[in-house]
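Report on the following structure.
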Amino acid sequence: KENSSSGCVKYSISTMSSTILLRTLALSNFVSAANINSRGLEEVEGYQYIEDFSKYYAKYSTCFKVKIQENNDDQVEGNSYFYNNKYHAQYNTYAAFNLCEDNTCTGGISDDSIGYVTELQNYLEINVEFVQEYCNACDQQCSNRRLEDNEDNGVVVDCDTCRDQCDLLSNGNSNGYDEANYLECQEAVDNGDDDDIQYYMAPACENGKLIIGLFYDDECTVNSKKDSGIEFKYDTFSSVQAMCTPCDGNDEVCEGLYGESVHCDGATAVENDENNFMCKKYYNNVRVMTYARRKKNLHFWGPVLTCVMILFGCGFCSQSYYIRHRNKKNDKAEPLKDNEHGDSAAQNQSTTPEIKIT
């Protein structure tokens, strides 16, 4: 029994060490390629770095997971984390954003193929704080009343747009937990039916949307694919995803994240080829989301266009039917008119008295 317990302890320590090593190795390439700002934005042939951010706006694009690989992955499933008598895949989660040139972020994106990818936790820590401060300043500066001391905390807001962008955060769901309190990996407050298993909670990605996920490990890399059983508001995450963030005066949100991110030109990393796998994930995810949006729009416009075409076809057939039968009626009426004129002439001739000249 002592040998068995000792073996379990050694195995647990070994597993924990392996997990930490995996995470470190997985992030090393990302950090080395992403720390562009510290090297003064090195010039890359064919790629122009942005220097003046004052005219740009940052907009959330998507999120995705990247599997952590190890040389000794089990050959069957390619997974490296052994837990509860089963191998599981470990993933790091990333967020991507675009830079726009209009204050609605509905168009004018500098380049649809360019995406900036950073760790999800890093992205949320910066943007959640910004959204909360921005919407608080919007409420104070753009409402009918202003602070008595006229303080705005140094946050510049556009009253023409901020009310709509902050409406969900200001007047959203009042029930449920605030997801902003779960930006770091932490023990789950409720384990549901599995009381003997300690789960962990952290931000996660589901079909390109931000949620709070339930994980097996304290690094939050092994998703349990189970429901936490907790109802979250998701007002903050929804606001982060919808916010069109002005870069002017918000260096940390735009220029800071820009310098720390991996720049993806389509499916290719701009600086470091070792990050191409990450950019491929980003590019494929954007393509899937774009297709889903188009399909959704098609589901709406498809029936509308079908009805329009049916009405147009019915109108065309009715018009053709009317013209054809009108012409036939006219063709039948013409001989009668000729006959009537002939009879009238004959009648006039017969009724005209014959005059004889003597």
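The values are calculated or read from the model by the stated rules, or taken from the named source; none is laboratory data. What you see is a predicted model, and the numbers here were worked out from it, not measured in a lab. Every residue, glycine among them, receives a Cβ derived from its backbone with ideal geometry; neighbour counts consider all protein chains shown. Surface areas here come from the heavy atoms of the whole protein model, side chains and all, with no ligands, DNA or RNA. Shrake-Rupley method; radii C 1.70, N 1.55, O 1.52, S 1.80 Å.
In table form, for the structure just shown:
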| item | result |
| --- | --- |
| Qualifying residue in the range 277-285 (condition: open to solvent by 50 Å² or more (accessible area, probe 1.4 Å), of a type outside the set (A, V, I, L, M, F, W, C) and modelled with pLDDT under 90) | no |
| Residue check for LEU257: open to solvent by less than 20 Å² (accessible area, probe 1.4 Å) and either over 17 Å from LYS59 (Cβ atoms) or free of Cβ contacts under 8 Å to residues at least 60 places away in the same chain (or both) | no |
| Considering residues of the range 207-218 that are open to solvent by 60 Å² or more (accessible area, probe 1.4 Å) and either outside any strand (DSSP E or B) or without any contact (Cβ under 8 Å) to a residue 40 or more places away in the chain (or both) only, the residue nearest to GLN90 (Cα to Cα) | ASP218 |
| Identity of the residue in the range 34-58, farther than 30 Å from GLN165 by Cα and at pLDDT 75 or above, that ends up most open to solvent (accessible area, probe 1.4 Å) | GLN48 |
| Answer from ASP248, ASP227 - the residue that is of a type in the set (Asp, Glu) and more than 23 Å from the chain's Cα centre (by Cα) | ASP248 |
| Number of the condition not met by VAL157 [criteria: (1) surrounded by fewer than 19 Cβ atoms within 10 Å (Cβ to Cβ); (2) at pLDDT 80 or above; (3) out of contact with any strand residue (DSSP E or B) (no Cβ under 7 Å at 6 or more places or on another chain)] | (1) |
| Set GLN132, GLN121, GLN69: member being open to solvent by 50 Å² or more (accessible area, probe 1.4 Å) and either of a type in the set (Lys, Arg) or at pLDDT below 85 (or both) | GLN69 |
| Members of the range 105-118 found to be open to solvent by 50 Å² or more (accessible area, probe 1.4 Å) and either more than 25 Å from ASP164 (Cβ to Cβ) or modelled with pLDDT of 80 or more (or both), listed by number | ASP111 |
| Pair list, Cβ < 6 Å and 6+ apart or interchain, from the range 119-142 residues that are in contact (Cβ under 8 Å) with a residue 24 or more places away in the chain to residues that are open to solvent by 20 Å² or more (accessible area, probe 1.4 Å) and hydroxyl-bearing (Ser, Thr, Tyr) | LEU120/THR93 |
